[in-house]
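Below is one structure; the comments refer to it alone.
FYI, it's all coordinate maths here, none of it is from the lab. None of the values given here were measured: they were computed from a predicted structure. Counting neighbours? That spans all protein chains shown, and the Cβs are built from the backbone with ideal geometry, glycine included.
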Amino acid sequence: MLYVENLRKIYGEGTRTAFEAVGDVTFEVTERELVTIVGPSGAGKTTVLKCLAGLLPPTSGTVVLDGEPVEEPPEKMALVFQDYSRSLYPWMTVEQNVEFPLRHRRPGTRELATLVDETLTSVGLDGVGKKYPWQLSGGMQQRVAIARALAYQPEILLMDEPFASVDAQTRADLEDLVLELRTRYGITVVLVTHDIDEAVYLSDRVVILSPSPTTVAEIVDVGLPDPRDQVATKELPEFAHLRGYVWRSIKRPEAPSPTSP
Amino acid sequence: MTAPTRSARATGLGLEITVPVAVLVLWGLASADSDSFYFPPLVDIVRAFGDIWLFDRVGSDVVPSLSRLFAGYSLAVVAAVVIGLALGSSDTARKMCDPVVQFLRAIPPPVLLPAGILVLGVGSGMKVALIAFVCFWPVLLNTIDGVAGVDPTLRETARSFRIPPGERLRRIVLPSAAPQIFAGARVSLSIAVIMMVVSEMVASTDGIGYFVLQSQRTYAITDMWSGIFLLALLGYVLNALFLLVERRVLRWHRGARAGSA
């Protein structure tokens, strides 16, 4: 479904401060798969995601979604940012936030209102539509951001460290919410995280990035039984094994990264 | 944020009313026996105020003054917001225009009066133009700042949802810059009152400024004071109305700030 081939990104190319954030990244995501991207901090994870989203033009290499090269944000893709407080519009109510991206694609006010209502309910936010995002807790705000992305009816959902700004309990709830929604809506998910437990717990596959200039160090098949459970899944010996494996490949990449020019 | 309790609010309101009333009473008592030609008793001023401004000279002086004020002010705000949105959206345009803007806004407004009379004559058009000119700069500079300072995540979110550029400007950039635009508009409002009075003091045949100067020249000192009193009152009421509008429009802003603090 999504092919990333030899993706390379240099910021400020041709200047003295040129910085190679992403060296050479290749991976693919098949339909209905949940893939997480992990890597040490500063590994250009967000840069990779922004290139996938069509927000950032890569220096070289290609991103192809369903046979179409991604140059602008594609219509069948939605994005959830880490910082909900800066990606939700504080002058709009929760409902207006969810509805705003939809007005340009689907006419029909009645259907629109129903869609907004249903989506808010599906993320566990009934009855807060008339409130403003800043009247809600952090976890609920991130639910609004997720609802906004889902109501957009994407085929693929990109999430940039979506749970990094909430407390541990909320984080577990949101992880399970994503797993549940992904099954219910049948969407493909690509999620960037720096949390190895989270990556192993959520994923079908984990893409491990090397330190900058970023390459793909390894791609790990998770293969834990579905549905996942916060307690039972994490008690499995396979979970502990995978977690340790991913941990070690991030800390000490087997293949040393190619020297930069 | 803790909301002020009802009793605390009542105390605040009480103080707000008590102090001005006390000042007026003191002034009244101190000036009661005054036979100074320049400082007539407050009672006389109040009586003159009633005779002149309720509502004898409203049509002949207050209405012309206020219509010039509003015409000039609204022209300035609309033009400054439109141009500010354009300049703020482009780094190059902003840098190119900055020296010119800084130069023009450094002109002390009253000094434009002789030139204004020369070029535009002594009619209302000249006064409106001058008021508009001085009000333009604070709003323009604040709009440019506000637009340039829109959070990149807000912009990226809008882009990722394929919001058309016009809609992005109107529904994202404008509201996001609104707090700063309002701050500029409030500064402009007080300058507008000053410029209105100044423009009416030179080569004019009506207006509150004209009346005050005329009263002083004909030794109608009590009338002069009543005009000054009216101007102070107008300034106060205009500012209060402005705050009322601002509080309504920027309700989200105060809430969001309190929420994140």
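Would you check which residues across the range B:65-101 are touching an Asp or Glu at 6+ places or on another chain (Cβ under 8 Å) and farther than 22 Å from residue B:131 by Cα and list them? Selection gives B:88 alone. State whether the residues of the range B:91-98 include one that is surrounded by 15 or more Cβ atoms within 10 Å (Cβ to Cβ), out of contact with any Lys or Arg (no Cβ under 8 Å at 6 or more places or on another chain) and either small (Gly, Ala, Ser) or not in a helix (DSSP H, G or I) (or both). No, the range B:91-98 contains no residue that is surrounded by 15 or more Cβ atoms within 10 Å (Cβ to Cβ), out of contact with any Lys or Arg (no Cβ under 8 Å at 6 or more places or on another chain) and either small (Gly, Ala, Ser) or not in a helix (DSSP H, G or I) (or both).
Looking at A:201, A:185 in this structure, which one is in contact (Cβ under 8 Å) with a residue 12 or more places away in the chain, hydroxyl-bearing (Ser, Thr, Tyr) and surrounded by fewer than 22 Cβ atoms within 10 Å (Cβ to Cβ)?
Details: A:201 fails: surrounded by fewer than 22 Cβ atoms within 10 Å (Cβ to Cβ).
Selected residue: A:185, the only one of A:201, A:185 that is in contact (Cβ under 8 Å) with a residue 12 or more places away in the chain, hydroxyl-bearing (Ser, Thr, Tyr) and surrounded by fewer than 22 Cβ atoms within 10 Å (Cβ to Cβ).
Report the residue count in the range A:201-217 for those that are part of a strand (DSSP E or B) and either touching an Asp or Glu at 6+ places or on another chain (Cβ under 6 Å) or on the phi > 0 side of the Ramachandran plot (or both). Total satisfying the criteria: 3.
Rundown of residues vs (1) in contact with a Gly (Cβ under 8 Å, 6 or more places away or on another chain); (2) within 14 Å of another protein chain (Cβ to nearest Cβ); (3) under 26 Å from residue A:119 (Cβ atoms), yes/no style:
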| residue | (1), (2), (3) |
| --- | --- |
| A:16 | no, no, no |
| A:36 | no, no, yes |
| A:42 | no, no, no |
| A:50 | no, yes, yes |
| A:57 | no, yes, no |
| A:60 | no, no, no |
| A:64 | no, no, no |
| A:75 | no, yes, yes |
| A:86 | no, yes, yes |
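For the range A:183-193, state whether one or more residues are of a type in the set (Phe, Trp, Tyr), touching a strand residue (DSSP E or B) at 6+ places or on another chain (Cβ under 9 Å) and within 14 Å of chain B (Cβ to nearest Cβ). Checked the range A:183-193: no residue is of a type in the set (Phe, Trp, Tyr), touching a strand residue (DSSP E or B) at 6+ places or on another chain (Cβ under 9 Å) and within 14 Å of chain B (Cβ to nearest Cβ). Residue B:207 passes every criterion in (1) within 14 Å of chain A (Cβ to nearest Cβ); (2) more than 14 Å from the chain's Cα centre (by Cα) apart from (1).
Does the range B:194-219 hold any residues that are part of a helix (DSSP H, G or I), in contact with a Phe, Trp or Tyr (Cβ under 9 Å, 6 or more places away or on another chain) and surrounded by fewer than 20 Cβ atoms within 10 Å (Cβ to Cβ), and which are they? Answer for the range B:194-219, where residues must be part of a helix (DSSP H, G or I), in contact with a Phe, Trp or Tyr (Cβ under 9 Å, 6 or more places away or on another chain) and surrounded by fewer than 20 Cβ atoms within 10 Å (Cβ to Cβ): just B:201. Within the range B:139-157, restricting attention to residues that are surrounded by fewer than 23 Cβ atoms within 10 Å (Cβ to Cβ) and touching a residue at least 40 places away in the same chain (Cβ under 8 Å), the residue that is farthest from the chain's Cα centre (by Cα) is B:148.
Kindly evaluate residue A:140 against the criterion of being within 14 Å of chain B (Cβ to nearest Cβ), surrounded by 19 or more Cβ atoms within 10 Å (Cβ to Cβ), among the hydrophobic types (A, V, I, L, M, F, W, C) and under 16 Å from the mean Cα position of the chain (by Cα). If you could, list the steps in order and put the result at the bottom.
Numbers: within 14 Å of chain B (Cβ to nearest Cβ): yes; surrounded by 19 or more Cβ atoms within 10 Å (Cβ to Cβ): yes; among the hydrophobic types (A, V, I, L, M, F, W, C): yes; under 16 Å from the mean Cα position of the chain (by Cα): no.
Against the criterion (within 14 Å of chain B (Cβ to nearest Cβ), surrounded by 19 or more Cβ atoms within 10 Å (Cβ to Cβ), among the hydrophobic types (A, V, I, L, M, F, W, C) and under 16 Å from the mean Cα position of the chain (by Cα)), residue A:140 does not qualify.
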